[in-house]
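Notes follow the structure.
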Amino acid sequence: MSLSVNLAGMELNNPSSRYGYLEIDDIDGWINAPATKQTQNARVNADGDFPAPVYYESRFITLSGALAAKSAPERWTGSNMLASLLNGGEKKLVIEIDGLAQWAMVQHNGQPEIDVVANRLINYQLTLKATDPYKYGGHNDFSVALGSAVNLFHRGTADAWPIVTVSGSAPAGYAVSLNGRLVRITEPLVSGSAHTLNMRTGVLKVAGTRVYGRIEVADYWSVPPGEPMAANTAPVTTGSGTVQFDFYDTYI
């Protein structure tokens, strides 16, 4: 099995790092799905519960490994490096196993454990938290002329939420839809002032500035994994332009 673990730009499974021999011995919380959560609503004087949506908790990841330092100074500089990898907030964790790379944004979930067990040997454990429990892979970018359709797909295992960028001119706005779900924008589309819509958050920006109250129909949609599905685009009345859909392969 080939393995690469890169945290905040530092390869942690690297036999020839500047500090010495770095290795990852165990990864916990990455392969399996995180815990789920839901609000139970009991049926009064009836069997069972009312259906309730199920969501995922944050993802908790533990990286365990060792450093065989080149010398005594690298023992200490290597320890400092491991302890400060997530200094400053969320950083990117990329794990590639047998050629499949997935990534998540993580932060500390408790103090790093650094244990000097011999003259130049360090064992360490990093406990991490991904507040967004999903893992991401390759980037997907689909473009189509406003008024046309394009097939969207990704290679993950969970729904992917696209960012839609629309440029061109449509004085009365435009609409985008997928699988019967429609989002209609009434904000005029003006040449040189592109619109971006985040389907996950529902945030619409014009030339980088957020605008409010200009989404007439807000049935936001995601792209399911697997077979391609046709996304339809159209100006509300007249207009022309380009619609771009950006999203990542998404895993849970």
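The values are calculated or read from the model by the stated rules, or taken from the named source; none is laboratory data. A quick note: this is a predicted structure, and the numbers were derived from the prediction, not measured. Ideal geometry is used to build each Cβ from the backbone, glycine not excepted, and the neighbour counts take in all protein chains shown. Accessible surface areas use protein heavy atoms only, side chains included; no ligands, DNA or RNA. Shrake-Rupley method; radii C 1.70, N 1.55, O 1.52, S 1.80 Å.
Listing for the model above:
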item	result
Among (i) 19.6; (ii) 19.0; (iii) 21.2, the entry derived from the coordinates for Kirkwood radius over Cα pairs in Å	(iii)
The chain: most fluctuating residue of A231, A149, A218 per GNM, C-alpha cutoff 10 Å	A218
12 Å beta-carbon shell around Q38, net charge (K/R +1, D/E -1)	-1
For segment 174-180, 3J(HN,Hα) per residue [Karplus equation, 6.51 cos²θ - 1.76 cosθ + 1.60, θ = phi - 60°, Hz, x = Gly/Pro]	7, 9, 10, 9, 8, 6, x
GNM result for the chain, Cα springs below 10 Å: residue of M81, M199, M105 fluctuating most strongly	M81
Rounded accessible area per residue of the chain, 1.4 Å, Å²	52
Whole-Hz couplings from phi, Karplus 6.51/-1.76/1.60, listed for segment 150-162; x for Gly and Pro	9, 7, 10, 7, 8, 9, x, 10, 9, 4, 10, 9, x
Choice from G147, G99, G239 showing the highest fluctuation, given a GNM over the chain with Cα pairs closer than 10 Å	G99
Karplus 3J(HN,Hα) series, Hz, for segment 239-252 with 6.51 cos²θ - 1.76 cosθ + 1.60 (x for Gly, Pro)	x, 8, x, 10, 10, 10, 10, 10, 6, 10, 3, 10, 10, 10
Distance between segment 14-46 and segment 123-173 - C-alpha centres, whole angstrom	22
Segment 127-252: equivalent-ellipsoid semi-axes (sqrt of 5 x gyration tensor eigenvalues, Cα, Å)	26, 16, 12
A218 versus T201: modelled label distance in nm, points set 7 Å from Cα along the beta carbon direction	1.4
Between helix 72-83 and the chain: long-axis angle, C-alpha atoms, 0 to 90°, nearest 10	30
Residues with amide H under 5 Å from that of I61, placed H, sequence gap 5 or more	L128, K129, A130
Long-range amide H partners of H154 with built H, under 5 Å	G226
Segment T39-T237, extension gain: residue separation times 0.36 nm, minus the distance between their alpha carbons	67.0 nm
Over the chain: helical MRE at 222 nm, DSSP H runs n ≥ 4 each giving -39500 (n - 2.57), nearest 500	-1500 deg cm²/dmol
Amide H partners (placed H, <5 Å) of S193, local residues excluded	G168
R18 versus E96: modelled label distance in nm, points set 7 Å from Cα along the beta carbon direction	2.1
Reachable lysines, given that their alpha-carbon falls under 17 Å from the alpha-carbon of K91 and they are not under 8 places away in the same chain	K129, K135
Whole-percent carbon and sulfur share, accessible surface of the chain, 1.4 Å	49
Dipole of the chain, positive end: most advanced residue of I215, L22, S58 [Cβ charges, Cα centre]	I215
Cβ-Cβ FRET estimate between H108 and D246, R0 fixed at 30 Å, reported to 0.05	0.55
